[in-house]
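Notes follow the structure.
The values are calculated or read from the model by the stated rules, or taken from the named source; none is laboratory data. Computed from a prediction, not measured in an experiment: that's the story for all the values here. Every residue, glycine as well, gets a Cβ built from its backbone with ideal geometry; the counts of neighbours run over all protein chains shown.
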Amino acid sequence: MLTSTNSKGRQGQSGAQGVHDGFVHLVGAGPGDPDLLTVKALRVIEAADVVVYDRLVSSAVMELVPANVRRIDVGKSAGHHPVPQEQINSLLVSLAGCGLRVVRLKGGDPFVFGRGGEEAIALASAGVAFDVIPGITSAQACAAAAKVPLTHRDLATGVRFLTGHRRQDEVLDFDWAGLADSETTLVVYMGLTNISEIAIRLIAHGLDAATPVLAISGATRPEEVRLTSTLGRIGADCQTACLAAPTLFVIGAVAGLVASMGCAERADGVARLLEERETACVAAE
Ligand SMILES: C[S@@+](CC[C@H](N)C(=O)[O-])C[C@H]1O[C@@H](n2cnc3c(N)ncnc32)[C@H](O)[C@@H]1O
């Protein structure tokens with residue numbers, strides 16, 4: 001039996017009886033700006049015994065974790081590979097089994113492309129008490145950063161969040177005809193590698209090549225960059241601009257509003273980005 005005393009003086013033990021002693025908070029850390037954390041997220045972080053965090057959690061958010069709280073980085077292992085999901089699930093169960101108050105901190109919202117659902121199922125199956133504290137997902141953060149609404153009565157009657165890649169790089173076998181809807185804003189997460197293919201497919205299924213596209217990298221962080229483009233050009237523009245992860249794409253008429261939102265100085269497309277990125281691109285070659 002594993003027994004431990006946590007930093008707040010509580011004692012816990014793993015085993016058939018002790019597994020219920022701990023608690024796991026699945027917490028959304030938001031897009032990066034620590035001011036975008038919820039008050040509840042901050043409270044549980046401050047009361048935690050251990051914080052298990054991902055690569056997408058910004059260093060500014062991690063600075064809010066008290067110095068005496070143990071941190072476990074599951075974004076990267078020694079070989080620079082992320083810790084496998086099953087291992088993270090087991091880690092959360094065993095930390096809670098030791099009676100610890102665990103904060104599982106994830107970028108954005110834990111239930112939007114965050115595998116929070118898989119962790120929730122693992123915790124529930126193991127009988128571990130947990131709750132979910134939502135975070136601002138990057139679609140909301142990017143829209144707000146560019147002052148572009150995701151819906152608009154005249155331009156978009158709905159919004160759809162889409163993953164831009166499949167498990168183990170399988171083919172993108174989406175319902176392209178359904179996705180190519182000019183009245184729905186399409187937000188693509190994890191789409192940097194496949195954005196050319198996504199754009200080509202959407203155009204082939206009826207979206208206008210002139211449909212506005214907004215790409216934002218590192219939204220709400222000091223390194224944030226925005227690129228305005230069109231569906232017909234976005235693949236080439238992304239390459240030219242050397243956009244880096246994490247990048248999110250907002251596709252649809254609402255993205256065209258960026259020019260009227262008073263952030264024109266950062267919304268003049270690839271030309272400005274090229275200036276900013278010239279050094280970085282040359283260095284990377
Ligand atoms: C694994 S998903 C996690 C999404 C996260 N759970 C959320 O709700 O935002 C990673 C993707 O989220 C997007 N993303 C996360 N943080 C971002 C940021 N600060 N700026 C732009 N995109 C971001 C990117 O599309 C990235 O590839």
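For the subset of the stretch 229-268 comprising residues that are at pLDDT 95 or above and of a type in the set (Val, Ile, Thr), which member is farthest from ASP181 (Cα to Cα)?
That would be THR247.
Taking GLY158, is it among the small types (Gly, Ala, Ser), outside the structural domain of PRO246 (by TED's automatic domain parsing) and over 12 Å from the mean Cα position of the chain (by Cα)?
Working: among the small types (Gly, Ala, Ser): yes; outside the structural domain of PRO246 (by TED's automatic domain parsing): no; over 12 Å from the mean Cα position of the chain (by Cα): yes.
Spelling it out, it is not the case that GLY158 is among the small types (Gly, Ala, Ser), outside the structural domain of PRO246 (by TED's automatic domain parsing) and over 12 Å from the mean Cα position of the chain (by Cα).
Looking for whichever is touching a Gly at 6+ places or on another chain (Cβ under 8 Å) and either buried (at least 17 other Cβ atoms within 10 Å of the Cβ) or not assigned by TED's automatic domain parsing to the domain that holds ALA244 (or both) here; the options are THR193, THR230, THR220. Which one fits?
Details: THR193 fails: either buried (at least 17 other Cβ atoms within 10 Å of the Cβ) or not assigned by TED's automatic domain parsing to the domain that holds ALA244 (or both); THR230 fails: touching a Gly at 6+ places or on another chain (Cβ under 8 Å).
Selected residue: THR220, the only one of THR193, THR230, THR220 that is touching a Gly at 6+ places or on another chain (Cβ under 8 Å) and either buried (at least 17 other Cβ atoms within 10 Å of the Cβ) or not assigned by TED's automatic domain parsing to the domain that holds ALA244 (or both).
Counting only residues that are assigned to a helix (DSSP H, G or I) and buried (at least 21 other Cβ atoms within 10 Å of the Cβ), how many does the stretch 77-106 have?
At the first step, the residues of the stretch 77-106 found to be assigned to a helix (DSSP H, G or I) are 85-97.
Filter once more, so that each one left must be buried (at least 21 other Cβ atoms within 10 Å of the Cβ): 92-93, 95-97.
Total satisfying the criteria: 5.
Kindly indicate which of LEU207, LEU192 is aliphatic (A, V, I, L, M) and within 12 Å of the ligand (Cβ to nearest atom).
Working: LEU207 fails: within 12 Å of the ligand (Cβ to nearest atom).
LEU192 is the lone residue from the list that is aliphatic (A, V, I, L, M) and within 12 Å of the ligand (Cβ to nearest atom).
Take VAL65 and decide whether it is out of contact with any strand residue (DSSP E or B) (no Cβ under 8 Å at 6 or more places or on another chain), at pLDDT 95 or above and among the β-branched types (Val, Ile, Thr). Even if it seems obvious, please write down each step before you answer.
Values: out of contact with any strand residue (DSSP E or B) (no Cβ under 8 Å at 6 or more places or on another chain): no; at pLDDT 95 or above: yes; among the β-branched types (Val, Ile, Thr): yes.
Judged against the criteria, VAL65 is not a match.
Specify the residue that is nearest to SER59 (Cα to Cα); the eligible residues are those in the stretch 107-130 that are away from the ligand (no atom under 16 Å from the Cβ) and in a strand (DSSP E or B).
So in the stretch 107-130, the residues away from the ligand (no atom under 16 Å from the Cβ) come out as 121-130.
Filter once more, so that each one left must be in a strand (DSSP E or B): 129-130.
Working: ALA129: 28, PHE130: 25 Å.
Top of the filtered list is PHE130.
Quick one: ALA122 ticks every box in (1) touching a Gly at 6+ places or on another chain (Cβ under 8 Å); (2) crowded, with 19+ Cβ neighbours inside 10 Å bar one, so which box is it?
(1)
Which condition from (1) away from the ligand (no atom under 16 Å from the Cβ); (2) outside any loop (DSSP other than H, G, I, E, B); (3) in contact with a Lys or Arg (Cβ under 8 Å, 6 or more places away or on another chain) is the one that ASP173 breaks?
Every condition holds for ASP173 apart from (2).
So which residues in the stretch 176-206 are under 21 Å from the mean Cα position of the chain (by Cα) and in a loop (DSSP other than H, G, I, E, B)?
Hits for the stretch 176-206 are MET190, GLY191, LEU192, THR193, ASN194.
For the stretch 213-264, give me the residue count where each residue is in a loop (DSSP other than H, G, I, E, B) and either in contact with a strand residue (DSSP E or B) (Cβ under 9 Å, 6 or more places away or on another chain) or more than 16 Å from the ligand (Cβ to nearest atom) (or both). I'd like the intermediate steps shown before the answer.
Step one: list which residues in the stretch 213-264 are in a loop (DSSP other than H, G, I, E, B), which gives 218-224, 231-233, 242-246, 252, 261-263.
Pick out the ones that are also either in contact with a strand residue (DSSP E or B) (Cβ under 9 Å, 6 or more places away or on another chain) or more than 16 Å from the ligand (Cβ to nearest atom) (or both) and you get 218-220, 223-224, 231-233, 243-246, 252, 261-263.
The number of residues fulfilling the criteria is 16.
Out of ILE200, ILE195, I need the residue that is modelled with pLDDT of 95 or more and in contact with a helix residue (DSSP H, G or I) (Cβ under 7 Å, 6 or more places away or on another chain). Which one?
Working: ILE200 fails: in contact with a helix residue (DSSP H, G or I) (Cβ under 7 Å, 6 or more places away or on another chain).
Result: ILE195 is the single residue among ILE200, ILE195 that is modelled with pLDDT of 95 or more and in contact with a helix residue (DSSP H, G or I) (Cβ under 7 Å, 6 or more places away or on another chain).
Would you confirm, using the coordinates I've provided, whether VAL57 is assigned by TED's automatic domain parsing to the domain that holds GLY127, modelled with pLDDT of 95 or more and part of a loop (DSSP other than H, G, I, E, B)?
On the way: assigned by TED's automatic domain parsing to the domain that holds GLY127: yes; modelled with pLDDT of 95 or more: yes; part of a loop (DSSP other than H, G, I, E, B): yes.
It is true that VAL57 is assigned by TED's automatic domain parsing to the domain that holds GLY127, modelled with pLDDT of 95 or more and part of a loop (DSSP other than H, G, I, E, B).
Considering only residues that are over 14 Å from ASP109 (Cβ atoms), in a loop (DSSP other than H, G, I, E, B) and either more than 16 Å from the ligand (Cβ to nearest atom) or among the hydrophobic types (A, V, I, L, M, F, W, C) (or both), which ones fall in the stretch 131-170?
Within the stretch 131-170, ALA146, VAL148, PRO149, LEU150, THR151, ARG153, ASP154, LEU155, THR157, GLU170 meet the criteria.
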